[in-house]
Amino acid sequence: MAASDKRAVVLVSGGLDSATVLAIARSQGYELFALSFRYGQRHSYELEAATNICSQFEVVRHETLDLDLRAFGGSALTAEIDVPKDRSEDEMSGGIPITYVPARNTIFLSIALGWAEVLKANDIFIGVNAVDYSGYPDCRPEFIKSFQQTANLATKTGVEGTDPFQIHTPLIDLTKAEIIHTGTKLGVDYSQTLSCYDPAPGGLACGHCDSCQLRRKGFADAGLPDPTKYVTA
């Protein structure tokens, strides 16, 4: 397959990391097939952001699937549980927070794998990060390695094909500042992204949840202006 014909399924949430991954995949010559989920999260603003980002990067096809994880709950993002605010760096780095959605990346990657097999796309991109993150177990290199092995054991493509599935995690060892520098060089418009767990009506970022704090710190460390629209300065 020629470089211009390479296909990749890219998980796009609408946040800073997934927008950067989409730009990286495009820079590597892939045809982009983006996958987002309406999974019962607290708000739909991130999905609007995902649509805008996909338009920016000329995605061939963008699918948003309905998957109601509120049926199970268990997370501040999928149940009536308060989102933690104004936590210190020590608090954010200690333990798995209540914003963890049980098995979310496993579920998302499994569905991405199914679509990739139909598309004859052997590459799946996901914006997990094991440096500036909130302790989610499904963002670790060990998980990604294990899932890639599973992908090649559980599919016709993996068993019969000569080109195994690869799960690409280009951000996994980068700091948030390094991610922002990478995306900026590739033309990502971060004003079109939304990382907030608990935005106000209209989509303004709260500025106080773990995700907002990590994002703010990332722009500060990168020495770049933060284009995010926050409820408070």
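Side notes on the structure shown:
- Pairs, first in contact (Cβ under 8 Å) with a residue 40 or more places away in the chain in the range 65-93, second part of a loop (DSSP other than H, G, I, E, B) and basic (K, R), C-beta under 6 Å, six or more apart: L77/R42
- Scanning the range 80-120 for residues that are in a loop (DSSP other than H, G, I, E, B), open to solvent by less than 20 Å² (accessible area, probe 1.4 Å) and either over 17 Å from P199 (Cα atoms) or of a type outside the set (V, I, T) (or both) yields P97, V101.
Rundown of residues vs (1) hydrophobic (A, V, I, L, M, F, W, C); (2) modelled with pLDDT of 95 or more, yes/no style:
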{"position": "L119", "(1), (2)": "yes, yes"}
{"position": "F125", "(1), (2)": "yes, yes"}
{"position": "Y133", "(1), (2)": "no, no"}
{"position": "V159", "(1), (2)": "yes, no"}
{"position": "P201", "(1), (2)": "no, no"}
{"position": "A205", "(1), (2)": "yes, yes"}
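- Of the set (1) over 15 Å from the mean Cα position of the chain (by Cα); (2) at pLDDT below 95, all apply to W115 but (2).
- Taking each residue of the range 187-209 that is in contact (Cβ under 8 Å) with a residue 60 or more places away in the chain and looking for partners that are assigned to a loop (DSSP other than H, G, I, E, B) and among the acidic types (D, E) with beta-carbon atoms closer than 6 Å, six or more apart or interchain, yields C206/D198; H208/D86; C209/D198.
- Subset of the range 41-79 that is out of contact with any helix residue (DSSP H, G or I) (no Cβ under 8 Å at 6 or more places or on another chain) and of a type in the set (A, V, I, L, M) - its residue that is surrounded by the most Cβ atoms within 10 Å (Cβ to Cβ): L77
The values are calculated or read from the model by the stated rules, or taken from the named source; none is laboratory data. Here the structure is a predicted model, which means the values were calculated and not measured. Here the Cβ is made from the backbone with ideal geometry for all residues, glycine too, and neighbour counts use every protein chain on show. Please note that ligands, DNA and RNA were not included when accessible areas were found on the heavy atoms of the full protein model with its side chains. Shrake-Rupley method; radii C 1.70, N 1.55, O 1.52, S 1.80 Å.
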